[in-house]
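Derivation of every value follows stated rules applied to the coordinates shown; laboratory data play no part. Just so it is clear, the model here is predicted, and its values are computed rather than measured. As a convention, Cβ positions derive from the backbone with ideal geometry for all residues, glycine included, and neighbour counts pool all protein chains shown.
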Amino acid sequence: PVSKRRTRRANAQETRYTYPASLQYNSQHFCGGALVAPDIVITAAHCTSIATITDIALGRYDLDSASDVDYEIMGLRYDGVMVHPNYDKVNVRNDVAILLLDGTSDQAYVVINRDDNVPYEGEYLTVMGWGDIDPDSVAQVTSDVLRMTDLMYISNDVCAQSEGYATTSEGYQFMTFEGTIDDTMLCAYGDTGGSIVSDACQGDSGGPLIQSGSDSSSDVLVGLVSWGFSCADSDFPGVYSRLSALYEDFLRPTICEYSAFP
Ligand code: 4AZ
């Protein structure tokens, strides 16, 4: 996650989050994910077309360091990528995929939100990832350590009416689709007033947006980083896959069928 100012960037605590996954191609991080059962990671559907997933790193904090304890590198089971059947890549709808691991993780996994009334308007949420930390530089600079930031949940209507998505040609240009934030999406933004904006960015995609509990086993996974116009621009909130909307039709039945720990 990024911020236009350094002050609000925060490294996650080394051992606070056990369920973030780093999806890698030949040891290079390219997307996030979340461990939701000992043998299942979920991520954004669009991540499955960015690169081939050769490794899934779990229990990591510093991707560049061998000093992380208890971390795990997993692969995918044969035919282990299950994209939501109604994933719509033009409109970025139903942006979720299930990854079946070829092993069993010892990390604490995170509970998926199934309550349509969560999050509530104005609720604070937390996003985390190893994604781009400097959106102003041309090169993508992924973080070596896991970073997190708090964001505020806003309703889909408020999001669609935000300065950027509602009014600017940039917004319209980006939203080549019908211009709605549909019910498989949710929005959150990190504008604390002034110029300090924190946000998810490239490389954070697929990673967890949570309602924070006191530890990893009491956190609730409400979203996955999905899209947004630019990063850390106060006119454009970040958009996430809304997991409560994807739970009954896809996540619950698929996890029940394929996990050895349903
Ligand atoms: C991306 O390209 C991306 N600011 C992810 C999140 C956001 C923008 C872009 C949200 O993966």
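Quick notes
- Where a label projected 7 Å from the Cα of Asn156 along Cα→Cβ would reach, residues of the stretch 226-257 with amide N under 18 Å: 226-229, 237-251
- Peptides 241-252, 92-103 ranked from most to least packed give 92-103, 241-252, packing being the mean of other C-beta atoms within 10 angstrom over each peptide's residues.
- The slack in the chain from Ile73 to Ala139, taken as 0.36 nm per residue of separation less the alpha-carbon distance, amounts to 21.1 nm.
- Spatial separation of Cα centroids for the stretch 207-262 and the stretch 87-111, in angstrom: 9
- By the compact-protein rule of thumb, 2.2 N^0.38 Å, the alpha-carbon radius of gyration of the chain corresponds to a ratio of 0.92.
- Hz values of 3J(HN,Hα) by residue in the stretch 95-104 - Karplus curve (6.51, -1.76, 1.60), Gly and Pro given as x: 7, 8, 9, 9, 10, 8, 7, 8, x, 10
- Near the amide H of Gln202, within less than 5 Å, lie the amide hydrogens of Asp132, all on another chain or at least 5 residues away, with H placed in the peptide plane.
- Extension gain for Ala108-Ser212 works out to 36.0 nm (0.36 nm per residue, less the C-alpha to C-alpha distance).
- Pairwise Cα inverse-distance average, inverted: Kirkwood Rh of the stretch 206-262 (Å): 13.2
- A viscosity of 1.002 mPa s and a temperature of 20 °C, combined with the Kirkwood radius over C-alpha pairs in the Stokes-Einstein formula, give the stretch 22-146 a diffusion coefficient of 135 µm²/s.
- Note on the chain: helix-only mean residue ellipticity at 222 nm, from DSSP H runs of 4+ residues weighted -39500 (n - 2.57) and normalised by residue number, equals -2000 deg cm²/dmol.
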